[in-house]
Amino acid sequence: MEQLLDAALFSSTLRVVTPILLAALGGAICSRVGLFNVALEGFVLVGAFSGIVGNYLFGNVWLAVLFAVLCVMLFSLIFGYLSINLNANPIVVGISLNFLATGMTTFLLRAIFNVKGAYYDNEMVGLPKWEIPLIKDIPWVGDVISGQSPLVYLAFILMFVLQFYLFKTVSGFRLRSVGENPVAAKSIGIKVRKHQYSAVLACGVLCGLAGAQLSLGQVTMFTEGMTAGRGFIALVATMLGQANPFGVMASSLLFGFMDAFGIRLQGLAIPSHFTQMLPYIVTLIAMFFFKDRSYMQDALKAGGSSR
Amino acid sequence: MLLQMKNITKHYGNVTANQAVNFDLGEGEVHALVGENGAGKTTLMRILYGMEQPSSGSVQVKGNNVSFDNPASAMASGIGMVHQHFMLFPSFTVAENIVIGREPTVGGVFDRNKAAALVEELGEKYGMPVDPWAVVSECPMGMQQRVEILKVLYQGADIIILDEPTGALTPLEVKELLVNIKSLALQGKSFIIITHKLHEVMEVSDRITVLRDGQVTGTLAASDTDVEQLSRLMVGRELVSIVKKDVEPGEAVLEVKGLGIRGPKGKALLKDIHLEVRAGEVVGIAGISGNGQSELIQAISGLRSIDEGKVQLSGVDIQGMDVRDIREQGLAHIPEDRYLWGAAKDATVLDNGLMGHHHKLKRRGLVKGKEARTKVTEWIKQFGIKAGTVDNNVQNLSGGNLQKLIAAREFAHDSHLLIAAEPTRGVDIGAMEIIHTELIRKRDAGVGVLLVSSELTEILQLSDRIVVMYEGEIAGEISAMDATEEKISLLMSGGNRQT
Amino acid sequence: MSIIKQSLRGLIQPLIAVIIGLIAGAIAILVVGGSVTETYMEMWKGAFGSFYFTTNTLARATPIILAGLGVALAFRAGFFNMGADGQMILGGLSAALTAIYLPGPGWLVLVVSIIAGIVTGGLWSFFAGWLDAKFGMNLLITTLLLNYIATLFAGYMVAYPFMDKTGSAAMAQSAMIDQSVWLPKLFQGMGLHAGFIIAIVAAVLLYFFMKKTVMGYEIRMLGNNPLFASYGGVKRGRMMMIAMLVSGGLAGLAGAGEVLGTQYRFLDGSMTSANYAWSGIMATLLANSHPIGTAVAAILLAALQTGAMGVERNTDVPLEVASVIQAVLTLFVSAKIGYAIWKRRKGKKTNGTTT
């Protein structure tokens, strides 16, 4: 057991938690303006793919990250337009966008790289690993924290930034008011749509980063459907964390740890099928302990707002 | 004049909501706008507040022509509106709710301490003290109303529109509000009050404008008129008076004994309720909405589980039974909110009419389509429901017609007990008369009717006995003979409790 | 509005959606440097160009129809059942194992295997419904997560305890099912099997069930306004579990049909990679959960997919072009739903708002 729980496990936890945390923060912003974003999975997938494409096009990993962010922002605008302007059911839009993300990435994988299933180029340079001075020399802590990709650090910084933004700034206050009571927000002249769009775009940025970490962070490659439900796990993390950045981080860390633990267990005699199941099972168990709002309240809300 | 609205006309498709309406307001004046549901009061005020644009006509503020595309521009001209359904953020504090949109900041950061100080100061200045740090969802309705008014004042409004401001308040809170309005008017603020409660109008306003069917039927000084004249102007004809047969009430059809329900945090929503409804009588439940009436109805109809006590329908214990079994035991139920509980918006008139009857119209698991059609078509004729065909979507029906459909559906049951919760809320007079007449006909035929209404006039008009609810308890019971508006009001605000 | 006009309008929307999807496909074709007309010609040929291709398309449509019908039922009741994939896989697995290991006459084993598939898929789906009804766990998310667990579990079953050890290749698959248990083919030498008939019958039955039966009425009202339904005596928890049971049962039937009619064994990953379940969900979204419409949309999607295989055989355009067309189509239709809501809101305002 001690061998299982060594520093490398926690280090890889930080690595695998990053895409989940980033996407979950994106989900949190969306839920703060009253949009339940089921399309996180698709957003991250587009980010992962465009990260690789950007790297291929520009030969520079930083431009690749930027490209991924821009692509997902563009993609998130579709979500925004359909669910904000056309008032479509965000869940249906989210499901359809996940289809679109899968469809486009498989098609473009074929069209651009002429491969099926996965693209891998060993000459492609992924994200660097940053050694943090001072911290890297602390025995156990250094092994865990230092030597991660910059996006890992960025994710945690963004978490604090978001916490500060939502609860301390005027702009964050107004953004929350939009999710709390859009009719009231509109009645005092707050631009509801503008805030909703900003939230969706911010979610796009975060998911772009999440995707980039996924495809450029460890092994530099893209495989079809490589998000493998992480977007949905992120969605659960958003719900468990009640759309509070700190809470979202806590629940993301739990899932990330289980993910890493599962990967670690694969070295043992347990069939990989079961170790891979671990994060999904843990997510289900976590949902069990978290009581979702009852359908009565949801329906009351829906009924009230449509009158 | 501070404000003048001239010749305002507003068409929605081929419906005319306002026809050449003139309306003005002086500084420090309280001007009431009265009329029945659908008379066009709210439309006129939405135009003034920039939420709607008039089809024709002009608006002048302080002598300048203005046209508002949105509430923000109306606000900029010093017009503020307190909506009937409060526009508050329940999880935010009082101060946050008041300063939102014009928040004090320190270096881009929301300065909540300063906001609280500003709000405290504002409350003192206008004689409406509030606790700036209280969370709004935990404030009583009267306090929420105060927060709404302070918000409008904070925004710098000189003209304040109050849309049905007393609907959710206790009589005591109403008194306080009227005092506040008068004192603010003395400080130079001007008020437009939209309401249909004529006694309040007489008490607080300087002038009164009456609207009927979108047209002004009179603008009068409060000192020159009385309630009778105003109601004539509002209705335009004599109301059908309700004639009740002398029926000796029969056996108890509903018996509630020691009923108690606790909310999610263990807070008692209903406490030790004892209630009896006998065949052939109307028992009216009066009270400000939110004092446990909804929970009581849900408990009786099986939509909510009971923590303590007993409910019997025609002598049969029904606690723990599900909705369908209770209905089959002899319950019909006009729900309190027609859109929330009473209808499926995207379904047809037929489907909406079928609910609750669908097991009676079943043969080998199939719905008897023809019979259902005939039935619903009959109701449409009988109650004069403007519904097109039975295949029309109910979202195309007006509120009054949908309410008539729902009422007709429930009247059609051969029930022992009929719950009628807010049966005429927000419907026009025609629909109200039809529903009232039918309720009394049911009573005369020996059905026990439990009428729940926040409209005192409705309660007084129809009930044989009146039970008043306050904070989840029964505050008192009065027979129709002895009931006066004053007595009930007192009980409604928790004063003079008796058992 | 007259009935003719209304039904015309009903036809125009899907037609526009198809056209938009084809335009998106054309853009994709141009991106990879193909000829649009040639590609679409090949696509048509690949889907319906001959009797063989047509039956091939219908064979592919079979599991999509069944999975789609299951989803349609759940959607109508207001439950976002996203677990068709896992339900189908477990249905297929249990049908395969029953067919391989249950002794007895072929026809009986076949029937029992199909029932085993239905029951397994139904129970897996019921589990999610139970979690929601009992513990308030969001159905949309649980069904998605259960997909991964089902897929991995089925993979384990055929990689370890029930792996086919006779074959030379070390593939994760079960043994072959005996020929006597196979679902009969409808035409000699063609892929189309009796499962297609079952699927069409299921679509018609579901249509009548939703439209004519009391339970169908209750399900529709529940999806429309759950509070109204419970006020009228519909038991939500019970309905949810029934709806999920049937919904998963149909997905399980899809899996069983695929195993017993086409593959004759359970091969790990074959159903997921063919995207049957997700195509079924798309079909449901396209048809707005109308059972007959779902069947038609499923055939359309299957045609796109088999057509795209023809495209890949005969041109340089990759078959993935089909997934772009499908996704754009679905997206457009979901936007149309929004358009309707938007129009309704405007309509409501014009009724005059006075409260």
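The values are calculated or read from the model by the stated rules, or taken from the named source; none is laboratory data. This is a predicted model, so every value here is computed, not measured. Glycine gets a Cβ as well: all are built from the backbone with ideal geometry, and neighbour counts include every protein chain shown. Areas reflect the complete protein model, heavy atoms only, side chains present, ligands, DNA and RNA absent. Shrake-Rupley method; radii C 1.70, N 1.55, O 1.52, S 1.80 Å.
For this structure, a couple of remarks:
- Looking at segment B:3-235 alone, DSSP beta bridges between its own residues are antiparallel in about 55 percent of cases.
- Euclidean distance between Cα centres, segment C:218-296 to segment B:179-226, Å: 59
- The trypsin sites (Lys or Arg not before Pro) of segment B:1-103 include none that meets both conditions, a loop assignment by DSSP and at most 10 other Cβ atoms within 10 Å of the site Cβ.
- Each part reduced to its alpha carbon centroid, segment B:39-114 and segment A:36-112 end up 39 Å apart.
- Accessible area, probe 1.4 Å, largest first, for residues B:Thr16, C:Thr166, B:Thr9: C:Thr166, B:Thr16, B:Thr9
- Here the simple spin-label model places points 7 Å from the Cα toward Cβ, and for B:Lys6 and B:Thr484 these points are separated by 4.8 nm.
- DSSP beta bridge pairing in chain B, given as percent antiparallel to the nearest 5: 55
- For GluC sites (Glu not before Pro), the sites in segment B:221-325 that DSSP calls loop and that have at most 14 other Cβ atoms within 10 Å are B:Glu238, B:Glu251.
- Charge dipole (debye, nearest 20) of segment B:350-499; +1 at Cβ of Lys and Arg, -1 at Cβ of Asp and Glu: 1140
- For chain C, complete DSSP H runs whose alpha carbons reach 24 Å or more along their own long axis and whose mean Kyte-Doolittle score is 0.0 or higher are C:3-31, C:51-76, C:84-101, C:106-135, C:139-159, C:195-212, C:236-258, C:291-314, C:321-350.
- The calculated P(r) of the protein assembly as shown, using every Cα pair and 20 Å bins from 0, goes 11, 36, 35, 16, 2, 0 in percent.
- Whether chain C is rounded, prolate or oblate, judged on the alpha carbon gyration tensor where a/c under 1.5 counts as rounded: oblate
- Placing +1 on the Cβ of every Lys and Arg and -1 on the Cβ of every Asp and Glu, with no other charges, gives segment B:252-492 a dipole of roughly 1160 debye about its Cα centre.
- For the peptides C:122-130, C:106-114, the ranking by mean Cβ contacts within 10 Å, running from highest to lowest, is C:122-130, C:106-114.
- Under DSSP loop assignment and at most 14 Cβ neighbours within 10 Å, longest GluC sites (Glu not before Pro)-free interval of chain A: A:132-307
- Taking Cα atoms only, the orientation of helix A:295-305 departs from the longest principal axis of chain A by about 50 degrees.
- Projecting the Cα atoms of B:Thr424, B:Ala407, B:Thr389 onto the charge dipole of segment B:252-492 (Cβ charges, centred on the Cα centre) puts B:Thr389 farthest toward the positive pole.
- Gyration tensor verdict on segment B:140-258 (Cα atoms; rounded if a/c is under 1.5, prolate if a/b is larger than b/c, oblate otherwise): oblate
- Kyte-Doolittle mean at least 0.5, axial Cα span of 15 Å or more - DSSP H helices of chain B: B:171-186
- Global geometry of segment A:136-226, whether rounded, prolate or oblate, following the gyration tensor of its Cα atoms and the 1.5 cut on a/c: oblate
- Whichever aspartates and glutamates have a C-alpha closer than 20 Å to that of C:Lys45, once near sequence neighbours (fewer than 8 apart) are set aside: C:Glu312, C:Asp316, C:Glu320
- Cβ-derived FRET efficiency at R0 51 Å, B:Arg262 paired with A:Trp62, nearest 0.05: 0.30
- Accessible area of B:Met141 in the full protein assembly, 1.4 Å probe (Å², nearest 10): 80
- Shielding by partners for peptide A:233-239, expressed as the average number of C-beta atoms from other protein chains within 10 Å of each residue's C-beta, is 2.
- For the peptide B:312-319, the mean number of other protein chain Cβ atoms found within 10 angstrom of a residue's Cβ is 0.
- Options C:Ala61, C:Leu73, C:Ser323, ranked by Cα towards positive dipole end of chain C, top entry (Cβ charges): C:Leu73
- Counts of other chain beta carbons within 10 angstrom of each beta carbon in peptide B:350-360 average 4.
- Taking the DSSP bridge list for the protein assembly as shown and keeping only pairs wholly inside it, about 60 percent are antiparallel.
- In the protein assembly as shown, helices alone account for a calculated mean residue ellipticity at 222 nm of -18000 deg cm²/dmol, with every DSSP H run of four or more residues adding -39,500 (n - 2.57).
- As a rough guide to protection, the peptides B:283-290, A:261-268, A:154-161 ranked by mean Cβ packing within 10 Å, highest first, stand as B:283-290, A:154-161, A:261-268.
- Test item: Cα-centred dipole of chain B, Lys/Arg +1 and Asp/Glu -1 on Cβ, debye: 1560
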